[in-house]
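Chemist: Can you read through this structure? Questions will come right after.
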Amino acid sequence: MGRLRVLLAEDHGLVAEAFRKLLEPEFQVVGTVGDAQALLGVARERKPDVVLLDLYLPGGGGAAAGELLKRALPRLKIIVVTVNDDVKTAIGALRLWASGYVLKRSLGAELAKAVREVMRGGKYVTPALGKEFGEIWGPAAGLTTERALTNRERQVLELLAGGCTMKEAAAKLQVTARTVAFHKYRIMREFGMKTNTQLMQFARKERVVGD
């Protein structure tokens, strides 16, 4: 199987070139299109797996182009790459046609991470919006918005999900129960969980414990 094919829908040449340099070590960038009206035709011609789409693309705007693309090519993954950090705008795009939402001010490594995540069937949202997404959508939305677990958090989660009480987990880790509680509730807060059932589901999702 060849490298994943990515099409850039970005009208600023320097930005498009920066994206290309970030992506090409891992993916095949099959072209750049700078006009919303031309995007569908180019996508049909180049057959990308993923389109990185600027919301403010000239020629009608990226949102309209994204909706059209998704109707015409339903298997295509579309990742919004934008300066717009409005949560409602992001939610609207993700509910209707987008598979990912990344801010242009985000770290460059996020682009590749977003592509990998959406091609696995998930949805990716930049961590800059993650906390608000957790409050609105919750963990059941299937969004990857969070940072990675630390080693200590994984240890705590593994023990708790494996049936240990906080006191028992503390004894195994040779820390206080208060420390275990701190890690548990920080995980739940930052990853948008409110119940122990959600914590168990999250542990399975993170492959900390088996199904």
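Chemist: I want to confirm something. Restricting to segment 128-152 and keeping residues that are part of a helix (DSSP H, G or I) and either of a type in the set (Val, Ile, Thr) or buried (at least 19 other Cβ atoms within 10 Å of the Cβ) (or both), which single residue is modelled with the lowest pLDDT? So that I can check it myself, show each step before the final result.
Modeler: Just the residues of segment 128-152 that are part of a helix (DSSP H, G or I), to begin with: 128-136, 139-141, 151-152.
Now narrow it down to the ones that are either of a type in the set (Val, Ile, Thr) or buried (at least 19 other Cβ atoms within 10 Å of the Cβ) (or both): 129, 133-134, 136, 139.
Details: LEU129: 78, PHE133: 61, GLY134: 59, ILE136: 60, PRO139: 48.
Only one residue fits best here, namely PRO139.
Chemist: Do you know which residues across segment 171-211 are part of a helix (DSSP H, G or I) and of a type in the set (Ser, Thr, Tyr)?
Modeler: THR179, TYR185, THR197
Chemist: Another question, if that's okay. For segment 39-60, name all the residues that are closer than 17 Å to ARG71 by Cβ and either part of a helix (DSSP H, G or I) or among the acidic types (Asp, Glu) (or both).
Modeler: LEU39, LEU40, GLY41, VAL42, ALA43, ARG44
Chemist: Oh, and also: Restricted to segment 159-168, and to residues that are within 18 Å of ARG204 (Cα to Cα) and aliphatic (A, V, I, L, M), which residue is surrounded by the fewest Cβ atoms within 10 Å (Cβ to Cβ)?
Modeler: The extreme case among them is ALA161.
Chemist: Applying the selection to segment 51-63, what residues are buried (at least 16 other Cβ atoms within 10 Å of the Cβ), out of contact with any Ser or Thr (no Cβ under 6 Å at 6 or more places or on another chain) and under 18 Å from ILE91 (Cβ atoms)?
Modeler: LEU53, GLY62, ALA63
Chemist: Right, VAL29: closer than 25 Å to ALA128 by Cβ, in the same structural domain as VAL125 (by TED's automatic domain parsing) and either in contact with a Phe, Trp or Tyr (Cβ under 8 Å, 6 or more places away or on another chain) or part of a strand (DSSP E or B) (or both) or not?
Modeler: So VAL29 fits the description; yes.
Chemist: Specify which of the listed residues (LEU96, LEU22) is exposed (fewer than 15 other Cβ atoms within 10 Å of the Cβ) and closer than 23 Å to GLY122 by Cβ. Give the steps one after another, and end with the answer.
Modeler: Working: LEU22 fails: exposed (fewer than 15 other Cβ atoms within 10 Å of the Cβ).
Result of the check over LEU96, LEU22: LEU96.
Chemist: From VAL125, VAL156, which residue is more than 15 Å from the chain's Cα centre (by Cα), crowded, with 18+ Cβ neighbours inside 10 Å and modelled with pLDDT of 85 or more?
Modeler: The conditions single out VAL156.
The values are calculated or read from the model by the stated rules, or taken from the named source; none is laboratory data. Note that the coordinates shown come from a computational prediction; the quantities given were computed from them, not determined experimentally. Reconstructed Cβ throughout: ideal geometry from the backbone, glycine too, with neighbour counts over all protein chains shown.
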